[in-house]
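Please treat every number below as a calculation from the coordinates, not as lab data. Just so you know, these numbers come straight off a predicted model, no measurement behind them. Neighbour counts are summed over all protein chains in view; Cβ atoms, including those assigned to glycine, are modelled from backbone coordinates with ideal geometry.
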Amino acid sequence: MVDLFLGKVLVKNNKDKDELDTEREIILRLQNRILMLFFGSGECEKCQDFAPTLKGFFKKLTDEFYVERSAQLVLLYISLDSSEEQQEKFLKELPKRCLFLPYEDPYRKELGVMFEVQDLPRVVVLRPDCSVLTPDAVAEICTLGPDCYRNWQEGAELIDRNFMMNEEFDEGKMRSLTDPIRRVKYKVEDKKKKKNNKKDDDDDDEDGNGGGGPWG
């Protein structure tokens, strides 16, 4: 997957439009990740309808509000818009964490030919080795939602046991806004508890009562 974009400039869909324009930056961003190539256009009504679904799908897999750790997933918008203004407008409907190719880069259209894109919207899912995992995942994303990633992860043989959907903890409920605070609180309490236990053990040793087990 990295080879597809070496020598290219990828732009982050954020306020500053930060660029990934070095080989090292591209490799760090794309290596060992599943890549979603979203071919679309703001002039396409079906793309407009699909955009909120795609945005929610990607957010639930990468936003810390929903997951313990972001999925090894990259979303790259391949614009088939007829003008740069149209592209900029449509990018506002897409996730802030997605990437895109500059409008002036003809590689956008080359990718469309490479993956035989005829109808929009189209989401081509690639394994880390650049091979096609799913030629068009639009229907799958709409019907299965974030569960798609489980299938992709297995199909790409991408092992990441640290990835854990929040649903596994609380049966599908959204994470409470106080969860991060509680986690920090529990860590602090655990440390205090361990420290107090250690102090108690030291006191027992000094009294000659240590090492005798629960029955002394």
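In units of the rule-of-thumb radius 2.2 N^0.38 Å, the range 69-110 shows an alpha carbon radius of gyration of 1.25. Taking a ≥ b ≥ c as the square roots of the eigenvalues of the Cα gyration tensor, an a/c ratio of 1.5 or more together with a/b no larger than b/c marks the range 120-159 as oblate.
The calculated FRET efficiency for the pair residue 131 and residue 85, based on their C-beta separation and a Förster distance of 35 Å, comes to about 0.50. Less than 5 angstrom separates the built amide H of residue 98 from those of 13, all sequence-distant by 5 or more or on a different chain. Ordering 79-87, 104-112 by mean Cβ neighbour count within 10 Å, with the highest value first, yields 79-87, 104-112. In this structure, the pairs whose alpha-carbon distance is over 18 Å, taken from 55/89; 8/59; 17/92; 17/60; 8/46; 8/89, are 8/59; 17/60; 8/46; 8/89.
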